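Novice: Got a structure for you, questions after.
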Amino acid sequence: LCFSALPALFKEELRDEEAKEGEAVTLHCELTKPAPVEWKKGHTALKPSEKYRMRQKDATAELVIHSLTESDA
């Protein structure tokens with residue numbers, strides 16, 4: 001018996017969010033099943049820091065960006 005697991009897909013994709021410079025914004029997505037999520041800006045993987053906070057519970061992933069600047073767009 002041989003089978004391959006179906007990949008996790010986006011059930012709810014990211015949406016554009018508006019916020020003011022200096023504020024924080026929360027982005028979230030929901031997958032079809034629990035799977036690790038890597039947040040990226042362009043080709044650069046984001047790491048947890050004072051600027052970025054990542055949380056994941058089951059199939060829902062969340063990224064909080066603190067102290068927004070124009071370059072975060």
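Coordinate-derived values only; no laboratory data. Nothing here was measured: the structure is a model prediction, and the numbers come from that model. Cβ placement follows ideal geometry from the backbone for every residue including glycine, while neighbour counts extend to all protein chains displayed.
Novice: Could I have the simple spin-label model distance between F10 and A24, label points 7 Å from Cα toward Cβ, reported in nm to one decimal?
Specialist: So the label points at F10 and A24 sit 2.4 nm apart.
Novice: Strictly over 22 Å apart at the Cα level, which of K33/K57; K20/K41; K11/K47 would you flag in this model?
Specialist: Table pairs above 22 Å Cα-Cα are K11/K47.
Novice: Per residue of the range 38-55, what does 6.51 cos²θ - 1.76 cosθ + 1.60 with θ = phi - 60° give for ³J(HN,Hα)? Whole Hz please, x for Gly and Pro, Karplus curve as stated.
Specialist: 3J(HN,Hα) across the range 38-55, in whole Hz: 10, 8, 9, 10, x, 9, 9, 6, 7, 10, x, 6, 5, 7, 10, 10, 10, 9.
Novice: Go through W39, T26, S67 and say which Cα lies farthest out towards the positive end of the charge dipole of the range 25-73; charges sit on Cβ, +1 for Lys and Arg, -1 for Asp and Glu.
Specialist: Most positive-ward Cα: W39.
Novice: What does the charge count around L46 come to, taking other residues whose C-beta lies under 12 Å from its C-beta (Lys +1, Arg +1, Asp -1, Glu -1)?
Specialist: Values: positive: K40, K41, K47, K51, R53; negative: E38, D72.
Surrounding charge for L46 is +3.
Novice: To continue, here is another question. Measuring from label point to label point, each 7 Å out along Cα→Cβ, what is the M54 to T69 span in nm?
Specialist: 2.1
Novice: Give, as a single signed number, the net charge of other residues whose beta carbon lies under 15 Å from the beta carbon of D58, with Lys and Arg counted +1 and Asp and Glu -1.
Specialist: Cβ neighbours under 15 Å give a net charge of +1.
Novice: Across 5 Å bins from 0, what is the distribution of all Cα-Cα pair distances for the chain, in whole percents?
Specialist: For the chain, the binned pair fractions read 3, 14, 23, 23, 17, 9, 5, 3, 2, 1, 0, 0 percent.
Novice: Pop out the ³J(HN,Hα) list for the range 19-31 in order, Karplus 6.51 cos²θ - 1.76 cosθ + 1.60 with θ = phi - 60°, rounded to Hz; leave Gly and Pro as x.
Specialist: 7, 8, 4, x, 8, 10, 9, 10, 10, 9, 9, 10, 9
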